[in-house]
Amino acid sequence: MERIKIEPRNSWQKEVEKLGFGFHSTDVAYWDESAYYEFSLNEINLIEKATSELWEMMLSAVQYVIDKKLYYKLHIPEWIIPSIEASWEKDYLSIYGRFDFAFKNGEIKLLEFNADTPTSLYEAAIVQWFWLQDFDKSKDQFNSIHEKLINYWIESKNHLKPGKLHFSCVKQSLEDLTTTEYLRDCAIQAKLDTQLIFIDDIGWDIPNQGFIDLENKPIQNIFKLYPYEWLLNENFGRNLVADQHQTQWIEPYWKMILSNKAILPILWELYPYHPYLLKSYFHRNNLNDYAKKPILSREGANIELVKAGASIAKTSGEYGEEGYIYQDLFELPNFNGNYPLIGSWIIGQQPAGIGIRESNRLITDNKSRFIPHLINS
């Protein structure tokens with residue numbers, strides 16, 4: 001794995017905007033093509049293998065949590081537990097997830113898993129692929145995200161309820177809307193009947209006790225780019241269990257188990273000293289070098305890295321009320337002050353590609369950059 005500096009394309013902003021990528025820059029650059037990461041085919045094979053194996057381990061962990069009734073460790077409210085277990089037993093559709101890996105000195109370590117509302121999907125699937133076509137179309141990427149999404153939507157037809165597949169996110173986020181509309185476009189290419197509705201516009205039919213859209217029609221299936229923990233904390237969220245239509249939500253309820261950093265100590269309990277895992281606990285125990293992480297948080301907020309008893313990096317935020325986990329410290333590789341985090345995608349049940357977010361600090365947060373990659377075979 002190498003970081004290679006290059007000159008960005010002339011008018012690269014226009015090129016990415018042609019693709020519908022409107023959030024490439026804010027007060028800082030988010031999309032950054034002044035460098036790329038180069039991988040050997042062997043390194044890509046290692047990442048793909050780790051992604052596949054960890055996905056199977058994650059599924060085993062879901063079953064373990066259900067069997068052992070460990071919901072309290074994840075701060076999951078009791079009233080939603082029957083719905084979680086029903087969605088697992090019925091094998092409700094799961095489209096995607098993103099593993100966050102540290103890859104250094106030939107070792108892959110799982111830092112966390114984004115199971116419910118992972119973003120940077122469009123950048124990984126589309127934007128970096130078109131960059132590669134302009135930069136060197138003779139090269140390849142670990143990137144079959146787009147094809148796998150369409151194929152999995154095709155496979156999903158028999159697992160959805162009759163009727164439209166709605167797609168939803170908040171109104172105020174261009175990033176969330178882009179990701180949601182990209183997933184909807186893939187579903188349209190799979191010949192599914194779709195409709196966009198913002199989270200704020202989802203209605204509740206009181207007489208019939210079911211979710212409805214703006215045309216007052218029942219919502220049978222819905223993809224939502226909106227965290228379950230937010231939904232459960234809202235009064236409207238109680239309608240999930242009152243729903244007589246039994247709307248199918250994507251991601252399914254059982255993903256609440258995996259979209260929670262409490263799954264990391266549970267994984268360590270299940271697979272102690274597994275080469276992809278870092279020691280993780282609900283208490284600091286004997287860890288001297290560790291990452292302290294809220295069990296529920298977003299964008300790298302409220303994380304502290306401690307080395308030899310001293311804090312070396314810390315982020316602020318509004319998370320942590322539900323508690324923290326402590327994970328053995330494994331620092332990201334350092335490329336002249338650039339720290340890359342590999343996001344490895346699972347689409348359906350298959351590894352599908354990677355996207356790299358890079359920061360100037362050890363904690364990847366909402367100011368991180370997206371850097372393209374290629375394979376040097």
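General observations
- A convex hull fitted around the alpha carbon atoms of region 89-211 yields 170 Å³ per residue.
- For the chain, the mean residue ellipticity at 222 nm estimated from helices alone is -8000 deg cm²/dmol, where every DSSP H run of n ≥ 4 contributes -39500 (n - 2.57) and the total is divided by all residues, rounded to the nearest 500.
- The ranking of Lys104, Lys73, Lys224 by Cβ neighbour count inside 10 Å, starting from the fewest, reads Lys104, Lys73, Lys224.
- Likely footprinting exposure, Asp91, Asp27, fewest C-beta neighbours within 10 Å first: Asp27, Asp91
- The radius of gyration of the Cα set in region 302-368, together with its Dmax, comes out at 14.2, 41 angstrom.
- This ranking places Glu321, Glu304, Glu123 by how few other beta-carbon atoms lie within 10 Å of each, fewest first, which gives Glu321, Glu304, Glu123.
- Cα shape, region 283-330, gyration tensor, a/c 1.5 rule: oblate
- Contour minus Cα-Cα distance for Leu232 and Lys90 (0.36 nm per residue): 49.0 nm
- Reach of Lys164 by Cα under 16 Å, taken over lysines that are not fewer than 8 positions away in the same chain: Lys191, Lys217, Lys224
- Set of aspartates and glutamates with alpha-carbon distance to Lys5 below 12 Å, sequence-local pairs under 8 removed: Asp32, Glu33, Glu38
- For a label point 7 Å along the Cα-to-beta-carbon line of Ile375, residues of region 48-88 with backbone N under 16 Å: 48-52
- Partners for Lys68 among lysines (Cα-Cα distance below 18 Å; same-chain residues under 8 apart left out): Lys255, Lys261
- For region 178-263, alpha-carbon Rg relative to the globular expectation (2.2 N^0.38 Å, N residues): 1.14
Values quoted throughout were computed directly from the atomic coordinates according to the rules given, and no laboratory measurement underlies them. Bear in mind the structure is a predicted one, so any value in this text is a computation, not a measurement. Note that each Cβ is placed from the backbone with ideal geometry, even for glycine, and that neighbours are counted across all protein chains shown.
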